[in-house]
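Chemist: Below you'll find the structure I mean.
The values are calculated or read from the model by the stated rules, or taken from the named source; none is laboratory data. This is a predicted model, so every value here is computed, not measured. Every residue, glycine as well, gets a Cβ built from its backbone with ideal geometry; the counts of neighbours run over all protein chains shown.
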Amino acid sequence: MPLKRVCVAGLGLIGASLARAIKQVHPAAVVEGVDLPGEVARLRHSGIADRVESLDRFPEMAAEADLIVLAAPVQKIPDAVRTLAGVVKPSAIVTDVGGVKGPICKAGAEALGGGIFIGGHPMSGSERAGGLAADPLLFQGRSYILCPLPGVDHGKLLRMVKLVEDIGGRPITLDPADHDRLVGLTSHLPQLIATTIMHTILNAPNDRDLALKVAGRGFRDLTRVAASDLSQWRGVLDQNRKTINAILDEFEAALAQLRSALNDSPEDLAELWSAAAAARRRMVDREFKPVGGLRPSDEK
């Protein structure tokens with residue numbers, strides 16, 4: 001079935017980037033968006049979507065759409081899912097881009113069922129925020145997680161997989177709980193570590209400014225995400241708090257093990273170092289490069 005009409009609820013960085021990416025690979029589709037009333041005027045002139053309306057128009061626009069993408073802050077997505085019960089066409093697909101899947105997929109199962117709702121999470125982002133920073137290439141070469149529910153319509157799931165591939169992403173299917181654990185390890189933990197490293201420097205007596213001046217590329221790469229705005233993270237951290245706390249316990253144990261090896265056992269330190277280096281090298285460069293799609297030569 002061709003993609004004729006798309007409605008994106010929430011035209012922040014991810015929602016707007018997805019709207020532009022879909023329009024680029026499916027130019028015949030009508031791509032519409034809704035956002036807060038105060039944002040509509042400037043978004044209408046941005047070229048992000050064919051039509052941009054206020055959030056109160058969402059139900060009527062969603063009723064006509066073949067694909068509805070919920071790109072609101074993660075804590076608001078469950079309520080947005082519930083507003084679509086009895087509204088969307090049986091043939092439609094409702095998905096989201098939230099960074100925590102447990103509560104969202106639960107709401108999707110209850111309100112729409114697995115035949116309509118397919119959870120989603122593109123592992124793409126930037127320290128920049130807002131729809132005006134939208135980039136249709138944001139998803140190229142990046143993992144895009146799909147969380148189908150029991151009773152999933154396999155034809156719809158295949159359509160979502162194809163759409164992810166069309167915009168240059170790498171589709172992966174996961175159970176919602178597995179998603180929250182794995183993303184906690186690979187996204188939420190690094191964000192918290194980067195923020196903590198910056199605070200360590202800021203709290204350093206006397207030499208803080210000099211430390212930042214001499215910091216090399218490794219430091220800049222490691223702390224890049226510390227520039228993210230808390231508004232992008234607050235909902236994710238709240239919604240995945242239990243899992244994140246368990247992961248922080250594991251990190252503290254690993255840090256204690258490293259400290260012990262550093263002080264008491266050169267052999268253990270070498271073993272830890274070697275294992276980490278080998279694991280990192282297995283993340284071969286091709287995993288972080290575009291694999292076709294919009295502009296294959298672009299390797300940001």
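Chemist: Does the stretch 194-211 contain at least one residue that is within 21 Å of the chain's Cα centre (by Cα) and touching a residue at least 40 places away in the same chain (Cβ under 8 Å)?
Modeler: Looking only at the stretch 194-211, we keep the residues that are within 21 Å of the chain's Cα centre (by Cα), and these are 194-195.
Those still in the list that are touching a residue at least 40 places away in the same chain (Cβ under 8 Å) too: none.
No, the stretch 194-211 contains no residue that is within 21 Å of the chain's Cα centre (by Cα) and touching a residue at least 40 places away in the same chain (Cβ under 8 Å).
Chemist: Have a look at Ala111, Ala133, Ala215, Ala194 and point out the one that is of a type outside the set (Phe, Trp, Tyr) and in contact with a Leu (Cβ under 6 Å, 6 or more places away or on another chain).
Modeler: Values: Ala111 fails: in contact with a Leu (Cβ under 6 Å, 6 or more places away or on another chain); Ala215 fails: in contact with a Leu (Cβ under 6 Å, 6 or more places away or on another chain); Ala194 fails: in contact with a Leu (Cβ under 6 Å, 6 or more places away or on another chain).
From the options Ala111, Ala133, Ala215, Ala194, the qualifying one is Ala133.
Chemist: Which of the residues that make up the stretch 191-240 are under 23 Å from Arg181 (Cα atoms) and loosely packed, with under 11 Cβ neighbours inside 10 Å? Before you say what the answer is, go through the steps one by one.
Modeler: Of the residues in the stretch 191-240, the ones under 23 Å from Arg181 (Cα atoms) are 191-197, 222-226, 228-240.
Once the filter is applied, which keeps residues that are under 23 Å from Arg181 (Cα atoms) and loosely packed, with under 11 Cβ neighbours inside 10 Å, the stretch 191-240 yields Leu230, Ser231.
Chemist: Looking only at the stretch 222-244, decide whether some residue is over 17 Å from Gly125 (Cβ atoms), over 25 Å from the mean Cα position of the chain (by Cα) and not assigned by TED's automatic domain parsing to the domain that holds Pro73.
Modeler: no
Chemist: Looking only at residues that are in contact with a helix residue (DSSP H, G or I) (Cβ under 8 Å, 6 or more places away or on another chain) and either among the aliphatic types (A, V, I, L, M) or not assigned by TED's automatic domain parsing to the domain that holds Lys101 (or both) in the stretch 135-170, which one is nearest to Phe251 (Cα to Cα)?
Modeler: Ranking the candidates gives Ile145 first.
Chemist: Given the options Ala62, Ala28, Ala92, name the one that is touching a Cys at 6+ places or on another chain (Cβ under 9 Å) and either over 21 Å from Gly125 (Cα atoms) or polar (S, T, N, Q) (or both). I'd like the intermediate steps shown before the answer.
Modeler: On the way: Ala28 fails: touching a Cys at 6+ places or on another chain (Cβ under 9 Å); Ala92 fails: touching a Cys at 6+ places or on another chain (Cβ under 9 Å).
Matching residue, one of Ala62, Ala28, Ala92: Ala62.
Chemist: Of the residues Arg159, Arg170, which single one is more than 14 Å from the chain's Cα centre (by Cα) and basic (Lys, Arg)?
Modeler: The match here is Arg159.
Yes or no, residue by residue, for (1) of a type outside the set (D, E, K, R); (2) modelled with pLDDT under 95; (3) at positive phi:
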site: Gly184; (1), (2), (3): yes, no, no
site: Leu192; (1), (2), (3): yes, no, no
site: His199; (1), (2), (3): yes, yes, no
site: Pro205; (1), (2), (3): yes, yes, no
site: Arg208; (1), (2), (3): no, yes, no
site: Lys213; (1), (2), (3): no, yes, no
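Chemist: Just checking, does the stretch 242-251 include any residue being surrounded by 15 or more Cβ atoms within 10 Å (Cβ to Cβ) and either in contact with a strand residue (DSSP E or B) (Cβ under 9 Å, 6 or more places away or on another chain) or of a type in the set (Asp, Glu) (or both)?
Modeler: Scanning the stretch 242-251 turns up no residue that is surrounded by 15 or more Cβ atoms within 10 Å (Cβ to Cβ) and either in contact with a strand residue (DSSP E or B) (Cβ under 9 Å, 6 or more places away or on another chain) or of a type in the set (Asp, Glu) (or both).
Chemist: Also, quick follow-up: Considering only residues of the stretch 45-74 that are in a loop (DSSP other than H, G, I, E, B) and of a type in the set (A, V, I, L, M, F, W, C), which is nearest to Arg159 (Cα to Cα)? It would help to see each step written out before you state the result.
Modeler: From the stretch 45-74, those in a loop (DSSP other than H, G, I, E, B) are 45-50, 65-66, 71-73; that's our starting set.
Keeping just the survivors that are of a type in the set (A, V, I, L, M, F, W, C) gives 48-49, 65, 71-72.
On the way: Ile48: 23, Ala49: 21, Ala65: 15, Ala71: 19, Ala72: 23 Å.
Checking each candidate, the answer is Ala65.
Chemist: So Lys101 clears everything in (1) in contact with a helix residue (DSSP H, G or I) (Cβ under 6 Å, 6 or more places away or on another chain); (2) surrounded by fewer than 23 Cβ atoms within 10 Å (Cβ to Cβ); (3) not aliphatic (A, V, I, L, M) except one condition, right? Which one?
Modeler: So Lys101 meets the others, but not (2).
Chemist: Which of the residues spanning the stretch 19-28 are assigned to a loop (DSSP other than H, G, I, E, B) and surrounded by 15 or more Cβ atoms within 10 Å (Cβ to Cβ)? Break it down stepwise before answering.
Modeler: If we filter the stretch 19-28 for residues that are assigned to a loop (DSSP other than H, G, I, E, B), which is where we start, we get 26-28.
Hit for the stretch 19-28 is His26, nothing else.
Chemist: Now, a different point. Just name the residue that is modelled with the lowest pLDDT out of those in the stretch 260-277 that are under 21 Å from Ile193 (Cβ atoms) and loosely packed, with under 11 Cβ neighbours inside 10 Å.
Modeler: Residue satisfying both the conditions and the ranking: Ala277.
Chemist: Restricting attention to the stretch 29-44, which residues are surrounded by fewer than 22 Cβ atoms within 10 Å (Cβ to Cβ) and either outside any loop (DSSP other than H, G, I, E, B) or at pLDDT 95 or above (or both)? Before you say what the answer is, go through the steps one by one.
Modeler: Of the residues in the stretch 29-44, the ones surrounded by fewer than 22 Cβ atoms within 10 Å (Cβ to Cβ) are 29-30, 36-42, 44.
Correct list: Ala29, Val30, Pro37, Gly38, Glu39, Val40, Ala41, Arg42, Arg44.
Chemist: Of the conditions (1) modelled with pLDDT under 95; (2) of a type in the set (Ser, Thr, Tyr); (3) closer than 21 Å to His26 by Cα, Ser91 clears all except one; give me its number.
Modeler: Going through (1) modelled with pLDDT under 95; (2) of a type in the set (Ser, Thr, Tyr); (3) closer than 21 Å to His26 by Cα one by one, Ser91 breaks only (1).
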